[in-house]
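The values are calculated or read from the model by the stated rules, or taken from the named source; none is laboratory data. Being a predicted model, the structure only gives us computed values, none of them experimental. No Cβ is skipped: glycine too gets one built from the backbone with ideal geometry, and neighbour counts run over all protein chains shown.
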Amino acid sequence: MAAYSDLRNLFNDSVLRNRTQVSVAVSAHAVSEKPTPTDDELAWVALALGDTVSEGNKALKFVIAANKDVSVGGILGASDAILQGQVDLVVPSLVVAYAAERAAQGGPA
């Protein structure tokens, strides 16, 4: 298990951030290709593709938190396929968070 300070430093790892941003774009594409995506999912797809940096950073934090028991080397050494799988797992949480944010701002939930 990595120390939290070491995990926090991963938030700033440019290679991992860039890879996660690409993973978010891939996930957004997959969501948009679903037979019947929800309105919340489609809204998140638009957000994710319009601001891949911000959504990628959020996804990265989720992925790091979910893998807190993995070494820093293990996280950095994860293949693109493993990282993609991890991002795909957090997309529903990102969708819910964005829907809640929109609802709190008075927009459609």
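Here are the numbers for the structure shown:
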quantity	calculated
Filter result for residue 70 (part of a loop (DSSP other than H, G, I, E, B) and either among the hydrophobic types (A, V, I, L, M, F, W, C) or surrounded by 13 or more Cβ atoms within 10 Å (Cβ to Cβ) (or both))	yes
Cross-chain or 6+ apart pairs with Cβ under 6 Å, region 1-26 first and more than 21 Å from residue 89 (Cα to Cα) and surrounded by fewer than 12 Cβ atoms within 10 Å (Cβ to Cβ), then basic (Lys, Arg) and at pLDDT 95 or above	none
Which numbered condition residue 97 misses (of (1) over 12 Å from the mean Cα position of the chain (by Cα); (2) over 24 Å from residue 2 (Cα atoms); (3) of a type outside the set (S, T, N, Q); (4) not in a loop (DSSP other than H, G, I, E, B))	(1)
Boolean, residue 59 is in contact (Cβ under 8 Å) with a residue 12 or more places away in the chain and part of a loop (DSSP other than H, G, I, E, B)	no
Of the criteria (1) touching a helix residue (DSSP H, G or I) at 6+ places or on another chain (Cβ under 6 Å); (2) assigned to a helix (DSSP H, G or I), which one residue 2 fails	(2)
Residue that is farthest from residue 87 (Cα to Cα), among those in region 27-51 that are of a type in the set (S, T, N, Q) and surrounded by fewer than 19 Cβ atoms within 10 Å (Cβ to Cβ)	36
Some residue of region 16-36 being modelled with pLDDT of 95 or more, outside any helix (DSSP H, G or I) and either touching a Pro at 6+ places or on another chain (Cβ under 9 Å) or within 23 Å of residue 103 (Cα to Cα) (or both)	yes
Qualifying residue in region 77-94 (condition: in a loop (DSSP other than H, G, I, E, B), within 19 Å of residue 7 (Cα to Cα) and not aliphatic (A, V, I, L, M))	yes
Any hit, region 77-86, residues being small (Gly, Ala, Ser) and either surrounded by 12 or more Cβ atoms within 10 Å (Cβ to Cβ) or under 11 Å from the mean Cα position of the chain (by Cα) (or both)	yes
